[in-house]
Amino acid sequence: MIDLHELELLDMKAESVDGKRLYQTPEGNKYPSVTTVTGLLNKEHIKLWRARVGEQEANKITAQATKRGTKMHDIFEKYLRQEEEIIFDNILQEQMFNSALPLLDEIQPIALEAPLYSDTLKMAGRVDCVGLFEDKLTIIDFKTSSKWKEEYMAKPWFIQMTAYAMMVEEMTGYEVEEILAIVVVEGQTGGVQAFGSFPNEHVDELVSLRKQYTNLYGV
């Protein structure tokens with residue numbers, strides 16, 4: 001067991017094999033990433049979407065979304081660490097940050113961008129935030145979007161965060177009480193959304209998805 005505050009210190013290397021992300025644990029085991037496994041949930045939907053909008057447009061939208069998400073993750077992390085001055089590239093980023101600020105100020109971060117793994121699930125990944133939210137130990141995931149989300153759309157995030165919750169409990173012995181996705185929506189009509197749930201409500205779905213991944217790829 002390790003302390004919650006030591007999670008960030010874990011050394012875990014990642015590599016891509018046939019388009020799938022694998023992490024090597026300190027013991028030398030290679031496990032698929034949480035996002036690779038949970039990606040099965042949206043695989044068919046994404047395939048249909050790419051066919052509908054065309055490969056070139058899909059690649060453009062995906063690249064923009066990835067760039068936006070990476071930048072906002074970096075801004076949120078810097079703010080929560082209170083270590084560096086935050087510099088925005090444009091007013092849109094500043095608006096998105098300001099909309100998330102009331103929720104960010106409710107977080108007491110314990111570990112940010114921490115590598116996690118589970119020998120039980122045989123999965124690994126990097127969690128956005130392990131921290132206290134409303135005095136409860138919580139897995140917090142930051143998302144960005146160009147559109148407002150509906151409740152059902154949070155299901156893949158809940159399963160993803162449940163994996164992180166199980167990893168934290170296995171590694172530290174501390175029980176994660178809640179999971180929370182904070183979604184920042186860009187644009188003039190943008191704002192922030194919060195989707196919360198409990199890890200124990202999604203364990204069965206996570207385990208089923210993990211078995212499905214093994215059946216498909218043998219890992």
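Work out how far the C-alpha atoms of the chain reach from end to end along every principal axis, then list the three figures in whole Å, largest first.
Principal extents (largest minus smallest coordinate, Cα): 45, 44, 30 Å.
If the only charges are +1 at each Lys and Arg Cβ and -1 at each Asp and Glu Cβ, what is the size of the charge dipole of the chain around the Cα centre, to the nearest 20 debye?
I would put it at about 1340 debye.
Give, as a single signed number, the net charge of other residues whose beta carbon lies under 14 Å from the beta carbon of G218, with Lys and Arg counted +1 and Asp and Glu -1.
Local charge sum for G218: +4.
Calculate what fraction, in whole %, of the accessible area of the chain sits on carbon and sulfur atoms when a 1.4 Å probe is rolled over the protein chains.
49 percent
Given a 1.4 Å probe, how much area per residue of the chain is accessible, in Å²?
In whole numbers, the chain has 55 Å² accessible per residue.
How far, in nm, would the chain grow between T120 and I91 when pulled straight, counting 0.36 nm per residue and subtracting the alpha carbon separation?
Taking 0.36 nm per residue and subtracting the Cα distance, the gain is 6.0 nm.
May I ask which residue of A114, G39, Y164 lies farthest towards the positive end of the charge dipole of the chain, with charges of +1 (Lys, Arg) and -1 (Asp, Glu) on Cβ and the Cα centre as origin?
Working it through, the farthest residue towards the positive pole turns out to be G39.
Expressed in nm to one decimal, what extension gain is obtained for the pair M12 and R81 from 0.36 nm per residue of sequence separation less their Cα-Cα distance?
Taking M12 through R81 to full extension adds about 22.7 nm, to one decimal.
Kindly write out, for region 82-94 in residue order, the coupling ³J(HN,Hα) from the Karplus curve 6.51 cos²θ - 1.76 cosθ + 1.60 (θ = phi - 60°), rounded to whole Hz, with x marking Gly and Pro.
6, 10, 10, 6, 8, 10, 8, 7, 7, 5, 4, 4, 5
The values are calculated or read from the model by the stated rules, or taken from the named source; none is laboratory data. Remember, it's a predicted structure, so these values are computed and weren't measured experimentally. Please note: Cβ atoms are built from the backbone with ideal geometry, for glycine as well, and neighbour counts cover all protein chains shown. With ligands, DNA and RNA removed, areas are computed over all heavy atoms of the protein, side chains included. Shrake-Rupley method; radii C 1.70, N 1.55, O 1.52, S 1.80 Å.
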